[in-house]
Amino acid sequence: MHIAEGFLPPAHAVAWGVASAPFVVHGVRSLTREVREHPESTLLLGASGAFTFVLSALKLPSVTGSCSHPTGTGLGAILFRPPIMAVLGTITLLFQALLLAHGGLTTLGANVFSMAIVGPWAGYAVYKLLRRSNAPLMVAVFFGAFVADLSTYCVTSVQLALAFPDPGSGFLGALGKFGSIFAVTQIPLAVSEGLLTVLVMRLLVQSSKGELTRLGVLVARKQARTGTGTETEVAAR
Amino acid sequence: MKKNTKINLVLLFLVAALAVLPLALGLGDHKKEPFTGSDAEAETAITELKPDYKPWFSPLYEPPSGEIESALFALQAALGAGVLAYYFGLRRGRRQGEQRALERAADSTLTGAAGKSAAERD
C-alpha cells in the first residue's frame, strides 16, 4: 500500500496531506493525554506500535503470485482507539519513507490516510459492531484486524485510480486495475493479520487482564466473587 | 501441553501455511517475475496508464543495494519483535513474582498458625 515517492501528482499529494493532518494532530493529543493519565499504559502502547513495525516489515507471498505485507494497525485501534493508532502508524510510515525508500515524504499524507486513518477506523468500527452484537471477543478481533488490513489497500487503490484514471475506462477502469493488484493480493494476508492479531490478543488476555479491563476490551464481571477486583470475563475463542 | 498453548501454535501454523502455500503451489509461475512486491506492480501499472508520468520527487535516502534494504527491513522487524518480547517477558515475570509473593505470604501465615497451635498444645 506504499505509494512510492513522487508517484502522486503534487495536487493529490497536498490534498491527502491536508486530509490526514487533523487526524494525526488529534491523535498526538489523545496519545499525550493517554500517557499523562495512565503512565502504566506506555508499555502496551509501545507493544502496539511494535506490532505494526513487525507486521509492516513482513512481506508475504500471496495467491496472486505477488508479495505484500500486513499493516498491524487493527490491534492498536482495538486497544487504544483509532486516533492513537494514527500516530503509531505515521511513525512506522515515516521510518520506512526515510530509511527504506519505501513509500515517501510526498506520498506520506496519502499513505497515512490509508494505513493509519481509514484502516484503524474501519477495523475499529467492525470490531465494535461485532462486540455490540455479542460476538465473542476473538471473533470481533479477527474481523477487526482483517478489515483494518484490507480496507487500507482498498483506499490505496482508490487513491491511485483518482490520480491515474484509465484513458479509456476512466476512474473505474483504473480502480479495477489497482484493485486487482492490491486488494485481491491482500485478502489472504488480511486473514494472516487477523490470525496474528488474535494470537497477540490471546497472549494479552493471559498476561494483562487488568490493563485490558481498564481499556474496555475485557468487561469486569459485577463482583462475581467478592474481594477479587480482577475477576474478568475470560474471552472464548 | 496446555490447551492455550496448543491453540496459539495452531494459529501460528495457519499463518505459516498461508504464507507457504502460494509458493508451494507455484502460484507465481504465470508471471515473468514471480512474487514481486505489489507496490512495485502498482508503479508499473501507473507507467502503463500514464506513460509520460515522471515521479517529481525522489527519496532523500535510498538503500544502496538490495542487501542494505533487506538489512533495514530486518532491523525494522527486529525492533518491533524486541519490544513485543520485552513486553510479554516483563508481564510474565511480574505475574510470577506476584504469585510467589502471594505463596510466601500464605506460607508465613500458615507456619505462623501452625506455630501458634503448637504453642497452644504445650
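For chain A, the membrane-span-like helix rule (DSSP H, alpha carbon extent of at least 18 Å along the helix axis, mean Kyte-Doolittle at least 1.0) picks out A:42-57, A:82-99, A:137-163, A:170-207; this says nothing about an actual membrane.
Computed from point charges on the beta carbon alone (+1 for Lys and Arg, -1 for Asp and Glu), the dipole magnitude for segment A:10-214 about its Cα centre is near 380 Debye.
Here the average projected area of the convex hull drawn through the C-alpha atoms of the protein assembly as shown stands at 23.0 nm².
Positive-end ranking of A:LEU79, A:GLY46, B:GLN96 along the dipole of the protein assembly as shown, with charges on Cβ about the Cα centre, is headed by B:GLN96. Modelled spin labels at B:PHE88 and B:THR111, positioned 7 Å past Cα toward Cβ, are 3.6 nm from each other.
Only helical runs count toward this figure. For the protein assembly as shown, summing -39,500 (n - 2.57) over DSSP H runs of n ≥ 4 and dividing by all residues gives -24000 deg cm²/dmol at 222 nm. Of the residues A:GLY76, A:GLY210, A:GLY109, the one that moves most in a GNM of chain A with alpha-carbon contacts below 10 Å is A:GLY210. Cross-link pairs exceeding 28 Å between alpha carbons, from the set A:LYS128/B:LYS2; A:LYS59/B:LYS2; A:LYS59/B:LYS3; A:LYS59/B:LYS32; A:LYS128/A:LYS209; B:LYS6/B:LYS31: A:LYS128/B:LYS2; A:LYS59/B:LYS2; A:LYS59/B:LYS3; B:LYS6/B:LYS31.
Remark: B:HIS30, A:HIS102 ranked as B:HIS30, A:HIS102, counting other beta-carbon atoms within 10 Å and listing the fewest first.
Counting Lys +1, Arg +1, Asp -1, Glu -1, what net charge surrounds B:PHE35 among other residues with beta carbon under 14 Å of its beta carbon? That works out to -1. With everything on Cα atoms, drop me the angle between helix B:66-121 and the longest principal axis of chain B, reported from 0 to 90° to the nearest 10. Result, in degrees: 10. Between the Cα long axis of helix B:3-24 and the first principal axis of chain B there is an angle of about 10°, rounded to the nearest 10. Averaging the Cα positions of each part gives two centres, and for segment B:1-67 and segment A:122-193 these lie 16 Å apart. Other residues within the sphere of radius under 14 Å centred on the Cβ of B:THR47, judged by their own Cβ, net out at -3 (K and R +1, D and E -1).
Straight-line cross-link reach from B:LYS54 at under 22 Å between alpha-carbon atoms covers these lysines, not counting any fewer than eight positions away in the same chain: A:LYS177. With a 10 Å cut-off around each Cβ of A:96-104, the average count of Cβ atoms from other chains is 6. Largest GNM mean-square fluctuation across B:LEU49, B:LEU90, B:LEU11, computed for chain B with C-alpha springs under 10 Å, falls on B:LEU11. Each Lys and Arg contributes +1 and each Asp and Glu -1, all at the Cβ; summed about the Cα centre of chain B, the dipole is approximately 1000 debye. What spacing in nm lies between the two simple spin-label points modelled at B:ILE68 and B:GLU33, each 7 Å away from Cα in the Cβ direction? Once both label points are built, they end up 1.9 nm from each other. Spin-label model, A:ILE91 to B:LEU14: label points 7 Å out along the Cα-to-beta-carbon direction sit 3.0 nm apart.
FYI, it's all coordinate maths here, none of it is from the lab. Keep in mind that this is a model prediction, so the values were computed, not measured. A quick note on method: Cβ atoms are made from the backbone with ideal geometry, for glycine too, and the neighbour counts reach across all protein chains shown.
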